Each structure stands twice: as structure tokens, then as C-alpha cells.
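First the structure, in the form of C-alpha cells, and then the observations on it.
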Amino acid sequence: MCGVAGFACRATAKGDRGVLRSMADAIAHRGPDDEGYFEAQSRSGTYKVGLAHRRLSIIDLDTGHQPIGNEDGSVQIVFNGEIYNFQPLREELIARGHIFKTNSDTETIVHAYEDYGTSCVNRLRGMFAFAIWDANRERLFIARDRFGKKPLFLRREGEQLHFASEIKALLAADNANIEVNIGSIRDYLLYRYVPAPQTLIRGIEKLPPGSFAVWQAGNLHVERYYAPPDLKPLGRSSVPDEPVGEFLDKLDDAVACRMISDVPFGAFLSGGIDSSAVVALMARHSQLPVKTFSVGFAESQYSELEYARTIAEQFETEHCELTISQDHIMDELPGLVRFRDAPVAEPSDIPIYLLSKEARKTVKMVLTGEGSDEVLGGYPKHVFERYVRAYQVIPGVVRSGLIEPITRALPYRFRRAKTAISTMGVASDRERMARWFGALSLR
């Protein structure tokens, strides 16, 4: 995890090394290993640009300092993320005449931009958020990966643009009054997050996943370059002959390419199917025992450490366990709110944060099973959301006085049913709150 920040504005506007440093300092936790800055005026002298970077070193530890430029320095980049196909892409670019000064995946983006312009994002396989200053075209090119794994926020006022990996860096650059976006509160209560491009703060927006932005001559243009394939109907002819085997091949390739690193790495292991599969494939590709990390709770009925321990023993990993209590959760909540720049909607964020602190003692990078439920439909509770409207028809006194108390009294082994009923109730409450906030925002 690294951090990027910067600005583009009129040459006469506020913006200098002091602003860049303030923005970078606000996200220093994202990159404790190194920092770098770049400032320039456009060749016309009308505009100026500043780039800042905080680095967590993963690949090319010695020469991967950022910002990184092309051969003549006319293209400069700050980058957060990893490009998994950077090695074959690098060879392709060398064959096209580019000269590399480093072994980093970052420099690959620079030369890909030189050859392919804004279309370079279509050739990148990875997770990324980056900003490129192109002195020849006098434009700032900002891009985010296809599914938005890496964050990127924008704040524009007139011809001036600020960008950063976290909202707090934008606030460090601008002393303007902070106003809550009432409409986004409605979305937050309904979805437990605010869909892009909005945020909870008025005037600050997210660059949407699968999108890039071009700032030039004071104007900002945002364009979507990728849409998930599930938006398009798939015919039967697209189904492979061996779908299970092909899926496993793709999963194996995805794990292997994420293990390219110049620093120690490991895996978060919950004992579930997702993380267990990742650890199994890591063990296949690693000559050393995989380092695994698991978190559990002091209340044994809610802890899954036993399952994780079974997988760790099967694949002979170097296993580390962390047990936390409800006191840990309450103690760490304020810090998590600060890191998120928003309320913490997902309780599991806190155990994962504490596990990350523990893992950081021995590794700098981990693989996880996160995201598989979204791709594979692994959340049974969402099946019940189709019944929300019917559930709302039941009188509130019956729901709150009979159904919900009975549901809460069920043993833990009925947790899926408990979650389903809870989800329907929460969805009902969210719809009511959303309507209320929607009415409030229209006043």
C-alpha cells in the first residue's frame, strides 16, 4: 500500500512544496518507507502541477523511488498498487525502443503511457491508482483500476484540482469549510457505503472504478474505460468445456502472479473455503513455508481459529494466531474511523486491522480470500432480500414483538437464519431512513 497526492491549477493559485508535503504527511501511514515530490510549470507558463508520493516498498527496493519519469523526464508518475503483468509488458516496450532505468512495475506504466496514451490502462493487469503529468501535452492523467481496489479521491474548484489516496490529504491541502453531503448519508444508511462518485463530504468525490480523468487547461474530463462483464448477457457458447478446471487454472494463475515480491509476504487465513484455497495454491508455488495469520475471538462460539489451524497444519505453514475481545474492538474504533475517513460500517474491519498490525511484524504483504463471495455469490443472506417487501407487510408490532425476539433467541448454529431475518429488518429500516433523508435533502 502506497499513497499518492497532488494538484493542478493556475500558476498564480496557491500550491507549492508546502501543500504537497502537508498532503503527503496526512497519508504517511500508507507509505512509511520513502517519500518523493515533483513540481513543474506548464510550458506555456499558465498552469502548474505538483505530485507527492509515500512509498511502501514491495518491488525494486533500491531504484523504485517515486516520482518516476520517462527517458527525457517529460512524463512523470506517482503510483499506488501493483501491476501483475509488468514483466511481459516491459519486454514488449523494450522491443519498441524504450529504455528502462529501474526494475519497477511503476516505470512500465510510464512507457506504456508514452506508447498507448490513455488507452494504456487497458493493457494493465493489476490494482492501481496513479497520476501522470505529461509536460508535452500539458495534461494530468489520473486512473483507477477496474474494480476500484485502490482508492482515489478528487476535489475540484474552478480550474483547480486536488487528488489523493485518502480524503484527509485533500483536507490538508484546503482549509475550506467541511460540509456533510446529506444525500450521501442516505446512501450510506441504505448500502453501508457511498457509491462513487459521491462521498460523505460535499465537494469531494471518488474517481469511479474502471475510470480515468484527464485535467487539461483547467478542465476535467472523466471517462469510464471498463465495465464488468456481468453487465452483458453471456450465450451458452461462452461456457468452457471444463468450467471447474478452467476456473481453477485462472485462480492458480491469479495467486501465482500476486506472489511476485522482493519482500516477505504471507496470507490471512480464516479457515473458510476462500482463504484456504489461496493458501493451498500459495503452498504449491512457494519453496518456503507460507506464513499464515488468523484472528479469533475470546468467545469460542464465535471464533474460527480451529478451522484455520487445521488448514495451517495440512499445508505446514508458519502459523500465527491472534485472539481479540470486545474491548479491543471498542478501543480501536476511533482509529479505524480516522483511517477510513468515514464511519466503520463493517465490524470485521477492526479484527482485520489488528491482524494486519500483527502480520506487519514479519511480512509486508499478504494475500487474502476477500472478494470471492462477491464474485461467486457466496452470501446466502442476500437470497432473502427478495422477501423484504413481503416482510414489510407484516405489522411492525408482530415483527418487533414476536418474530425478531424469537430469531435473536435461536442458538448460534442458526446464525444464517438469524442473519437473514436481521437483513430483512435492516433493509426495511434502511429504506425508511433513505426516504426520510431523501426528503430532507430536497428541502
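The values are calculated or read from the model by the stated rules, or taken from the named source; none is laboratory data. The shown structure was predicted, so the numbers you read here are calculated from the model rather than taken from an experiment. Ideal geometry is used to build each Cβ from the backbone, glycine not excepted, and the neighbour counts take in all protein chains shown. These area figures cover heavy atoms from the full protein model, side chains too; ligands, DNA and RNA do not enter into them. Shrake-Rupley method; radii C 1.70, N 1.55, O 1.52, S 1.80 Å.
Summary of computed values
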read-out	value
Residues satisfying the stated conditions in region 387-412, i.e. outside any loop (DSSP other than H, G, I, E, B), touching a helix residue (DSSP H, G or I) at 6+ places or on another chain (Cβ under 6 Å) and aliphatic (A, V, I, L, M)	Val388
Pairs, first within 24 Å of Gly64 (Cα to Cα) and touching a residue at least 60 places away in the same chain (Cβ under 8 Å) in region 2-20, second of a type in the set (Asp, Glu) and surrounded by fewer than 24 Cβ atoms within 10 Å (Cβ to Cβ), C-beta under 8 Å, six or more apart	Gly3/Glu166
Val295 being part of a strand (DSSP E or B) and either surrounded by 15 or more Cβ atoms within 10 Å (Cβ to Cβ) or not hydroxyl-bearing (Ser, Thr, Tyr) (or both)	yes
Region 50-78, subset touching a Cys at 6+ places or on another chain (Cβ under 8 Å) and assigned to a strand (DSSP E or B), residue farthest from Val4 (Cα to Cα)	Arg55
Residues being open to solvent by less than 20 Å² (accessible area, probe 1.4 Å) and farther than 17 Å from His162 by Cβ - total across region 60-78	9
Count - residues of region 120-139 that are surrounded by fewer than 22 Cβ atoms within 10 Å (Cβ to Cβ), part of a helix (DSSP H, G or I) and in contact (Cβ under 8 Å) with a residue 40 or more places away in the chain	1
Some residue of region 363-371 being farther than 17 Å from Leu269 by Cβ, surrounded by 14 or more Cβ atoms within 10 Å (Cβ to Cβ) and in contact with a Ser or Thr (Cβ under 8 Å, 6 or more places away or on another chain)	yes
Top-ranked residue of region 95-119 - restricted to ones that are over 20 Å from the mean Cα position of the chain (by Cα) and hydroxyl-bearing (Ser, Thr, Tyr), ranked as surrounded by the most Cβ atoms within 10 Å (Cβ to Cβ)	Thr108
Gly97, sole failed condition from (1) without any contact (Cβ under 8 Å) to a residue 24 or more places away in the chain; (2) part of a strand (DSSP E or B); (3) not hydrophobic (A, V, I, L, M, F, W, C)	(2)
Residue list for region 238-272, restricted to those being of a type in the set (A, V, I, L, M), open to solvent by 30 Å² or more (accessible area, probe 1.4 Å) and in contact (Cβ under 8 Å) with a residue 60 or more places away in the chain	Ile260
Count of residues meeting criterion [in a loop (DSSP other than H, G, I, E, B), of a type in the set (Ser, Thr, Tyr) and open to solvent by 40 Å² or more (accessible area, probe 1.4 Å)] in region 187-210	1
Residue in region 81-94 that is farthest from Arg125 (Cα to Cα), counting only those that are assigned to a helix (DSSP H, G or I), open to solvent by 20 Å² or more (accessible area, probe 1.4 Å) and not basic (Lys, Arg)	Ile94
Any hit, region 320-341, residues being over 21 Å from the mean Cα position of the chain (by Cα), within 29 Å of Ser104 (Cβ to Cβ) and free of Cβ contacts under 8 Å to residues at least 40 places away in the same chain	no
Qualifying residue in region 155-168 (condition: among the small types (Gly, Ala, Ser), in contact with a helix residue (DSSP H, G or I) (Cβ under 7 Å, 6 or more places away or on another chain) and at pLDDT below 90)	no
Scope region 171-186; condition within 22 Å of the chain's Cα centre (by Cα) and either closer than 20 Å to Ile77 by Cβ or surrounded by fewer than 19 Cβ atoms within 10 Å (Cβ to Cβ) (or both); matching residues	Ile185
Meets criteria (without any contact (Cβ under 8 Å) to a residue 12 or more places away in the chain and either aromatic (Phe, Trp, Tyr) or closer than 21 Å to Ala129 by Cβ (or both)) for Phe38	no
